[in-house]
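Visitor: Quick one: the structure is below, and I'll ask about it shortly.
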Amino acid sequence: MAITFQPSSYSGLVDQDNGMVSREIFVNSDIYAEEQERIFTRAWLFVGHESQVSKPGDFFVSSMGEESVILCRDRQGEIHVFLNSCMHRGMKVCRYDEGNTPIFTCPYHGWSFATDGALVGVPFYKDAYHEELDKSQWGLIRVPRMTNYKGGIWATWDPNAPDFLEYIGGFRTYLDILFDGWDGSEGGTEIIGGIEKWMVPSNWKFPAENFIGDRYHNISHRSVDLVGIGPSGQGRRDNSDREGAKSLDVSFPERGHGTVMFLRPEDAQPVASYQNDPIVADYFYQCEIARKERQGELWRILAGPGTIFPNMSFLPRQPRSIAVWHPRGPDQTEVWRWFLVDSSAPPEVKEFLRQYYIRYSGPAGLTEQDDMENWNYAHAASRGAMARRHHYNYQMGMGYAVTDFEDGGLKLEGTVLDTTKARAGEQNQRGFYNRWREFMAARDWDELATWRKNGSAC
Amino acid sequence: MVIANDPLAMLLLKQDVEAFLYHEANLLDDRRYEEWLDLLTDDVRYWVPMRRNVKFGELEREFTREGQDINWFDEGKTTLTQRVRQILTGVHWAEEPLSRLSHLVTNVEITEATPGADDAAEVSLRCRFIIYRNRVATETDILVGRREDRLRRVDGGWMIAQRQVFLDQNVLLAKNLTFFF
């Protein structure tokens, strides 16, 4: 029986009341096609970092959903994002990954575009077009909305999408921890050269929900924890600063974003970390002191992995990095990984982090190799006619979250599940799929900006 | 440091080096990882860069840089040993059950022999590899590329002092790199 999905179908596929999600949304190609329309043309998507296009003419070819886009700094120094497809016959105008160019010339018929996307050259313009072609109408398609937030470049195809900061809402606190310097200085980060790109045979939502708050999958990483690749020689990360901390899962279900974090006790002080190297250890210790000074009680937040709906995930501390899960069909995800360091960190620190990032992350990373094995075979084993009749279970911790979390005078926005005793919960995943359902069903951003109707703060 | 002035010595050296490379490949394919580690010098450098699409004339930017950029691998013996230890835990799910691997090594060329071909203490070589990996039921990866090795003679046998691997892929088509090149 062919299944047709109407907007109303999605509430059955994501059963909020019972904490269940249909496997169809991961494996069904019709739903996948709908996602490209309803999610990836409307949501804010991460495109790249300004440090990748630091000089006029610098470009970095990125991806928004399935589609190739060019992130480019024009001759005047302004940053643009446009569709990497010639307006004449669709050819990819740039097939390089990055570089510097005065112009993008299409290799098919030779239309050429300036670094701001404007059509500036058309072969036979006089003779064949009789100078009647209005070049101003045929520049590369620019994203209608783009923002540079603390160096991160984001874009959306929907002109009616809310401003990026409204889209992020209270989740900004956690995004700031990613992009600010370790000492809390605003936007003090840069990308290390080399963006990891690789294919994972799994639906893009598997990694997105894993990063949003899956504390339950420690068994995945048993082997790396036994080996000990962390920056102090043990485990996969430093955990010394979690002494006495609460484990909190923070979700913004009306937006779909979420993160896990640890909240240090009120009287916590900076502790030693990065013990494998005294220079690095001292750098981070000094940064922690400076940040505590600068941020006061917010310093208590030890941010962990998170996801910004739909497909940008990040690790704000160890290893400090961004992952984007580009959809490539229901069964394939192309993962791109950016790695961040403090711009002002001494060379020894950058080098130490670079080595740690490499051994932790990506297809050759001792930690993440095991994640991909799980996403691969969880997806594969969910595709069958029988398997997809059964929903995944997301019931962990249902009914235990609060919306008015406060600890020692520190109030946290969002829906907060205390997992200190429980050790794991799935409210962040439920929040993600709640938002997924809304995106799939809503007609436009008037419907999607639910927080405006509810009168809650943006 | 030369080549070619003594063809017979070169032939013997090449034979010797190839025998070593095949032996090494067999250790990896036979999952004798600890014995493989014993073939690496303590100061070994193991580098597998990522590979960009760049404009003609900018090929010096094609590969991510050793010691500066993010690379697939850019490490020494400590991390390589950790990789082996991880496989040997038996709970490294990406290699549990273990993959079936075949390393094919071909197009071997000696590019430098010091001090000479007949008494080489160190040898640089270039070769091509095909790594066939098959795991679980139908999962298959084929990785092809160029390798540049530096071998050092220690106690009468060869050891690997440097390995550089230039993969013929941009977006890596394998979901992971849980094996050694």
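Laboratory data are not the source of any read-out in this text; all were calculated from the coordinates shown. Model, not experiment: these values are computed from the prediction. Heads up, the Cβs are rebuilt from the backbone with ideal geometry, glycines too, and the neighbour counts pull from every protein chain shown.
Visitor: Is any helix in chain A, taking whole DSSP H runs, at least 24 angstrom long along its axis by alpha carbon and on average at least 0.0 on the Kyte-Doolittle scale, and which ones?
Guide: none
Visitor: Next question. Over chain A, what relative contact order in percent results from Cα pairs under 8 Å that are six or more residues apart?
Guide: Once divided by the residue count of chain A, the mean separation gives 20 percent.
Visitor: I need the calculated FRET efficiency for the pair B:Glu62 and A:Glu406, taking r as the beta carbon distance and R₀ as 45 Å, to the nearest 0.05.
Guide: E between B:Glu62 and A:Glu406, to the nearest 0.05, is 0.25.
Visitor: Along the charge dipole of the range A:170-450, pointing to its positive end and built from +1/-1 on Cβ of Lys, Arg, Asp and Glu, which listed residue (A:Asn393, A:Asn311, A:Leu353) has its Cα farthest out?
Guide: My answer, from the dipole projection, is A:Asn393.
Visitor: Determine one quarter of the surface area of the Cα convex hull of the protein assembly as shown, which equals its mean projected area, and express it in nm² to one decimal.
Guide: 32.9 nm²
Visitor: Which is farthest toward the positive dipole end of chain A among A:Pro363, A:Tyr274, A:Ala245, measuring Cα position about the Cα centre, with Cβ charges +1 (Lys, Arg) and -1 (Asp, Glu)?
Guide: Farthest towards the positive pole: A:Pro363.
Visitor: Output ³J(HN,Hα) for the range B:56-68: one whole-Hz value per residue in order, computed from phi by the Karplus curve 6.51 cos²θ - 1.76 cosθ + 1.60 with θ = phi - 60°, and x for Gly and Pro.
Guide: 3, x, 10, 5, 5, 9, 5, 9, 5, 8, 5, x, 10
Visitor: Let me know the charge dipole size of the range A:217-320 about its Cα centre in debye, to the nearest 20, where only the beta-carbon of Lys, Arg (+1) and Asp, Glu (-1) is charged.
Guide: With only Lys, Arg, Asp and Glu charged at Cβ, the dipole is about 280 debye.
Visitor: OK, next. Over the Cα atoms of chain B, how large are the radius of gyration and the largest Cα-Cα distance (Dmax), in Å?
Guide: For chain B, the Cα radius of gyration and maximum Cα-Cα distance read 17.1, 53 Å.
Visitor: Specify the residue with the greatest mean-square fluctuation among B:Glu66, B:Glu18, B:Glu58, computed from a Gaussian network of chain B linking alpha-carbon atoms under 10 Å apart.
Guide: B:Glu58
Visitor: Ok, one more. Once each part is reduced to its C-alpha centroid, what is the distance from the range A:146-166 to the range B:64-87 in angstrom?
Guide: 36 Å
Visitor: With +1 on each Lys and Arg Cβ and -1 on each Asp and Glu Cβ, and nothing else charged, work out how big the dipole of the protein assembly as shown is about its Cα centre, in Debye to the nearest 20.
Guide: With Lys and Arg at +1 and Asp and Glu at -1, about 980 debye.
Visitor: Peptide A:347-354: average number of partner chain Cβ atoms within 10 Å per residue?
Guide: The per-residue average across the peptide is 1.
Visitor: For chain B, what's the relative contact order in percent, using C-alpha pairs closer than 8 Å and at least 6 residues apart?
Guide: 24 percent
Visitor: What are the aspartates and glutamates whose alpha-carbon lies under 17 Å from the alpha-carbon of B:Lys175, with same-chain residues fewer than 8 places away excluded?
Guide: The qualifying aspartates and glutamates are A:Glu196, A:Asp331, A:Glu334, A:Glu368, A:Asp370, A:Asp371, A:Glu373, B:Glu95, B:Glu96, B:Glu139, B:Asp141.
Visitor: Using a Gaussian network model on chain B with a 10 Å cutoff between Cα atoms, which of B:Glu95, B:Glu139, B:Glu62 fluctuates the most?
Guide: Among B:Glu95, B:Glu139, B:Glu62, the largest GNM mean-square fluctuation belongs to B:Glu139.
Visitor: Place a +1 charge on the Cβ of each Lys and Arg in chain B and a -1 charge on the Cβ of each Asp and Glu, then give the dipole magnitude about the Cα centre in debye, rounded to the nearest 20.
Guide: 700 debye
Visitor: Is it possible to state the helix-based mean residue ellipticity at 222 nm for chain B, with each DSSP H run of 4+ residues giving -39500 (n - 2.57), the sum divided by total residues, to the nearest 500 deg cm²/dmol? What is it?
Guide: That comes out to -7000 deg cm²/dmol.
Visitor: Also, quick follow-up: Considering amide H positions built from the backbone, and no H for Pro or chain starts, which residues 5 or more places from A:Ala422, or on another chain, come under 5 Å of its amide H?
Guide: Result for A:Ala422 returns nothing.
Visitor: Just report the Cα centroid separation between the range A:54-96 and the range A:364-409, whole Å.
Guide: 35 Å
Visitor: Here's a follow-up. Relative to the first principal axis of the alpha-carbon coordinates of chain B, what is the inclination of helix B:77-87, with its axis defined by its Cα atoms, in degrees from 0 to 90 and to the nearest 10?
Guide: 40 degrees
Visitor: Provide the net charge surrounding B:Arg133, with neighbours chosen by a C-beta distance below 10 Å and charges set as Lys +1, Arg +1, Asp -1, Glu -1.
Guide: Around B:Arg133, the surrounding residues sum to 0.
Visitor: Once every DSSP H run of n ≥ 4 in chain A is given -39500 (n - 2.57) and the sum is divided by its residues, what mean residue ellipticity at 222 nm do you get, rounded to the nearest 500 deg cm²/dmol?
Guide: Dividing the helical sum by the residues of chain A leaves -7000 deg cm²/dmol.
Visitor: Please state, rounded to one decimal and in Å, the Kirkwood hydrodynamic radius that the range A:45-145 gives when every pair of distinct Cα atoms enters the mean of 1/r.
Guide: 13.7 Å
Visitor: Among the lysines, which fall within straight-line cross-link reach of B:Lys55, defined as a Cα-Cα distance under 26 Å, with same-chain neighbours fewer than 8 residues apart omitted?
Guide: The qualifying lysines are A:Lys55, A:Lys92, A:Lys197.
Visitor: A further question on this structure: In chain A, with Lys and Arg counted as +1 and Asp and Glu as -1 at Cβ, which of these residues, A:Ala290, A:Gly408, A:Gly193, has the Cα nearest the positive end of the dipole, that is, farthest along it?
Guide: Toward the positive end, the furthest listed residue is A:Gly193.
Visitor: Return P(r) of the range A:170-450 (all Cα-Cα pairs; 5 Å bins starting at 0; whole %; ordered from short to long distances).
Guide: 1, 5, 11, 16, 19, 18, 14, 8, 4, 2, 1, 0
Visitor: Lys and Arg at +1, Asp and Glu at -1: add these up for the other residues within a Cβ distance under 9 Å of A:Phe171 and post the number.
Guide: After counting each charged neighbour, the total is +1.
Visitor: Could you let me know the centre-to-centre spacing of the range A:268-295 and the range A:170-202, using Cα atoms, in angstrom?
Guide: If we compute the Cα centre of each part, the gap is 19 Å.
Visitor: Just want the ordering: A:Cys94, A:Cys106, from fewest to most Cβ atoms lying within 10 Å of their own Cβ.
Guide: A:Cys106, A:Cys94
Visitor: Follow-up question, since we're still on this one. Counting Lys and Arg as +1 and Asp and Glu as -1, what is the net charge of the other residues whose Cβ lies under 9 Å from the Cβ of B:Glu148?
Guide: With Lys, Arg at +1 and Asp, Glu at -1, the neighbours total +4.
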